[in-house]
Amino acid sequence: MNDKIEDFKKTSEFLVCVDSDGCAMDTMEVKHRKCFGPKIVEIWNLQNVEERFLEIWNDVNLYTKTRGINRFKGLVMTLELLEAEGVKIPNISSIKKWTETTNELSNPSLQREIDRTNDEQLRKALEWSLAVNKAITELSDDDKPFVGVEEGLKTANTATDVAIVSSANGAAVLDEWTRHNLAPHVSVMLGQEAGTKAYCIEELKKFGYENTHVLMVGDAPGDLEAAGKNGVFYYPILVGKEAFSWRRFKNEALGKFIDGTFTGEYQQQLINEFNDNLR
């Protein structure tokens, strides 16, 4: 399976970009509750505030308008929110600075910065991120696509090119989409290593797609932002209403996208629903 933008092949005038975690794959809850949050507690020794930390972590990453935030930015945000409640937190100044200055929020980018600075905080951040990736590989019995995903992708693939555009670890995306037989319905799988979602959409557009012929399907504000930065359409997978969202995508939204009636009132209605569905 192609996992690099340069390996992509255009076969249609239309392109559908699809996020993975929490959008196509029912993995957000289990990954955050069993891997991301608990590994932070373990590596930074936060057992004395574990319950409150995990509450904030899950709120930031799952249920509010920061849903889908990059893992490293989520780490900084959660610890700062905990600190605002009067809890003494570990020094994360180097990690925060890196998240604010790097142009690639990924493990390889973090490793390059460690090689350059030998910073202990960054080493711990990478230790955590790698531990999370390892823990995720052990969740194979817990991940599954949302109801309607395969049907939606299969229908989309008959009329459009389909690309996975995800901020998740690329190897995990490849593993999950292959095991659940979703890979045959997509042309390329772009994980965090390929760049931000906005960057990936921008690069894919260069294959010759008009803005009105590109649709981003996602579940988080970052997906809407990536679509907005590129001037393309956005279709939301609503948290808690995923089966409905995928059914509507297949039966209604996809047709409107292709026949040119997605724009204007319909697009705004979808965005309003999406915003109203998150705190």
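To one decimal place, what Kirkwood hydrodynamic radius in Å is obtained for region 1-131 from all pairs of distinct Cα atoms? Please report the intermediate quantities before stating the final value.
On the way: mean 1/r = 0.0611 Å⁻¹.
Hydrodynamic radius (Kirkwood, Cα only) of region 1-131 equals 16.4 Å.
Compare Thr66, Thr261, Thr137 by solvent-accessible area with a 1.4 Å probe and give them largest first, with all protein chains kept in place. Write out the running numbers ahead of the final one.
Details: Thr66 40, Thr261 65, Thr137 100 Å².
From most exposed to least exposed: Thr137, Thr261, Thr66.
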Accessible surface of Ser12 in the full protein assembly, 1.4 angstrom probe, to the nearest 10 Å²?
-> 20 Å²
Using a Förster distance of 22 Å, the FRET efficiency for Glu80-Asn277 (Cβ separation, nearest 0.05) = 0.30
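How large is the convex hull of the Cα atoms of the chain per residue, expressed in Å³ as a whole number? Could the numbers behind the result be given before it?
Details: hull volume 34.1 nm³, N = 279.
Taking the convex hull of the Cα positions in the chain, it is 122 Å³ per residue.
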Gain in length, Glu51 to Thr101, computed as 0.36 nm per residue apart minus the alpha-carbon separation, to one decimal in nm?
-> 14.9 nm
Share of carbon and sulfur in the accessible heavy-atom surface of the chain [1.4 Å probe, %] = 49 percent
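May I ask you to derive the relative contact order of region 214-279, considering only C-alpha pairs under 8 Å and at least 6 residues apart, and to give it as an integer percent? Write out the running numbers ahead of the final one.
Values: 60 pairs, mean separation 19.9, N = 66.
30 percent.
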Cβ under 9 Å from Trp128's Cβ, Trp128 left aside: what net charge do those residues give with Lys, Arg +1 and Asp, Glu -1?
-> +1
Summing Lys, Arg as +1 and Asp, Glu as -1, what charge do residues with Cβ under 10 Å from the Cβ of Tyr199 carry, Tyr199 excluded?
-> -1
Spatial separation of Cα centroids for region 42-62 and region 161-212, in angstrom | 30 Å
In straight Cα distance, which lysines are under 19 Å from Lys205, not counting same-chain residues fewer than 8 positions off?
-> Lys4, Lys9, Lys10, Lys197, Lys229
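The values are calculated or read from the model by the stated rules, or taken from the named source; none is laboratory data. Just so we're clear, the structure is a prediction, and the values are computed from it rather than from any experiment. A quick note on method: Cβ atoms are made from the backbone with ideal geometry, for glycine too, and the neighbour counts reach across all protein chains shown. Heads up: the accessible areas ignore ligands, DNA and RNA and are worked out on the full protein's heavy atoms, side chains in. Shrake-Rupley method; radii C 1.70, N 1.55, O 1.52, S 1.80 Å.
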